[in-house]
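> Provided herewith is a single structure, encoded as structure tokens, for subsequent inquiry.
Taken together, the values in this text are just the output of simple stated rules run on the coordinates, not laboratory data. Note that the structure is a prediction, hence the values are computed from the model and not measured. Using ideal geometry, Cβ is built from the backbone for each residue, glycine included, and neighbour counts are taken over all protein chains shown.
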Amino acid sequence: MLEISRSEVQAWLDSNELSTHALVPRTIHGGIILRGVARDLDGALESASDAVHRVSHAALLKTGAVPRFHRLVWFQGVSNPKPLPDRTKLDHLLPDYDVPEPALDRPTSDDRLEVAVESIQAAILAGGAAAAGMLWATVECLFGSAGDENKLASGERAADVATIAWVRYDLNHTLGALLRNQGDPGWSAAAQVLPRQERLPFFVKYLQAGDFSNVRSARVVSQARHCARMLDLREVGSLRTEVLTTLKGLYRQRNLILHGGITNAPLLPGILRSATPLVTAAVNRYAATRNGAVRDPLAFSFGETLRLEEHLAQPSADLLDLAGY
């Protein structure tokens, strides 16, 4: 992260042919440049949000005032800016749930999803050690069972749901990237005339072919190759293991805090950064399907685990079946 002056901001906009964009603010006092490669825009936006949060807190401690940041983020190679995520909002993490505004006094609820979302809100607003406890409370609230022999059983259920949510996101996000201006123009033209139910199978065949030579952006090429690896059962199995390992890490951090009073463990920031999107992905996946035939979260998670096990046991398994399409 590099803090730059007004003239350096203007020079960066000029060099990326963005200075004439209608959304560029008229008055600029300075800015932040984040150098690095993100696999997708969502990840880059989260990094930008974290950077703004850190700078704001540092400025508050040093000067007693918080700088006002523009709410748009500009990317090299992307023609239009994207809105900066608000750390106090959950709409971008739970798009399939109507998240209420945070409130101190709320009526009690026997809706496990509602209570899980409130726990996520508490984690996001509190941060740090408190966030680890509230995130794990979210996992237990939605996927825990009175008959569990150990606490990690709820984490295993959440991990399977989050794994399938990851696959769904990867498929949808990569498809969207290929259809945009930085994707493959020839393939995009053929895909856009297809009905939606035929577009995903057409996309999977494109991934199976593995020829991304016509994709205009190196970032989209990397994204397509990453998504294509999910066609290998071993990659899906590895992803499942990694997700579960991350949630186990969250549980261990929660134990260090609860039983050992250790609130500044060196791995805590990394665990929170990696576990938060996984927990919210599992919650959002259930929220998106709860209006269907299966409303109980335990029954839902059992169905997700069963589909994942079946996928990993079949050499000719279809990735779209695993994703629920």
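> Select from A162, P81, T245 the residue farthest towards the positive end of the dipole of the chain; place +1 on Cβ of Lys and Arg, -1 on Cβ of Asp and Glu, and compute about the Cα centre.
Of the candidates, P81 comes out farthest on the positive side.
> Please turn the phi angles of the range 66-78 into ³J(HN,Hα) values with the Karplus equation 6.51 cos²θ - 1.76 cosθ + 1.60 (θ = phi - 60°), one per residue in order, whole Hz, x for glycine and proline.
Result, ordered by residue: 9, x, 9, 9, 5, 8, 10, 10, 9, 10, 5, x, 10 Hz.
> Would you order I164, I124 from fewest to most other beta-carbon atoms within 10 Å of each residue's own beta-carbon? Walk me through the numbers before you get to the answer.
Working: I164 25, I124 20.
Sorted ascending by nearby Cβ count, the order is I124, I164.
> Kindly state, as a whole number, the per residue volume in cubic angstrom of the convex hull around the alpha carbon atoms of the range 2-83. Before the final figure, lay out each step's value.
On the way: hull volume 7.8 nm³, N = 82.
For the range 2-83, the hull spanned by Cα atoms encloses 96 Å³ per residue.
> Between V73 and residues 5 or more places away or on another chain, which pairs have amide H atoms under 5 Å apart, with H built 1.01 Å from N, and which residues are they?
Residues meeting the amide H criterion: K82, L84.
> Hey, another quick one. Based on other C-beta atoms within 10 Å, arrange H311, H173, H53 from fewest to most. Please report the intermediate quantities before stating the final value.
On the way: H311 20, H173 16, H53 13.
Lowest count first: H53, H173, H311.
> Please enumerate, by chain and number, the aspartates and glutamates with C-alpha under 12 Å from the C-alpha of K205, excluding those fewer than 8 residues away in the same chain.
Partners within reach: D318.
> First measure r as the distance between the Cβ atoms of A153 and S47, then evaluate 1/(1 + (r/R0)^6) with R0 = 35 Å and state the FRET efficiency to the nearest 0.05.
Details: r = 33 Å, r/R0 = 0.95.
Working from the Cβ atoms, E equals 0.60.
> About the Cα centre of the chain, what is the dipole size in debye to 20, counting +1 per Lys and Arg Cβ and -1 per Asp and Glu Cβ, all else neutral? Can you show the working numbers first?
Numbers: 34 positive and 36 negative charges, 187 e Å.
The dipole of the chain has a size of about 900 debye.
> Beyond 19 Å, what percent of the Cα pairs of the range 141-226 remain? If you can, show how the numbers build up before the last one.
Values: 1773 of 3655 pairs.
Beyond 19 Å sits 49 percent of the P(r) for the range 141-226.
> In which sequence would T27, T163, T174 go, from the one with the fewest C-beta neighbours within 10 Å to the one with the most?
T27, T174, T163
> While we're here: Put +1 on the Cβ of each Lys and Arg and -1 on the Cβ of each Asp and Glu in the chain; which of Q197, A218, N16 then has its Cα farthest toward the positive end of the dipole?
Most positive-ward Cα: N16.
> Then there is this: Tell me the Kirkwood radius of the chain: reciprocal of the mean inverse pair distance over distinct alpha-carbon atoms, in Å. Could you put the intermediate results ahead of the total?
Working: mean 1/r = 0.0457 Å⁻¹.
Evaluated on the chain, it is 21.9 Å.
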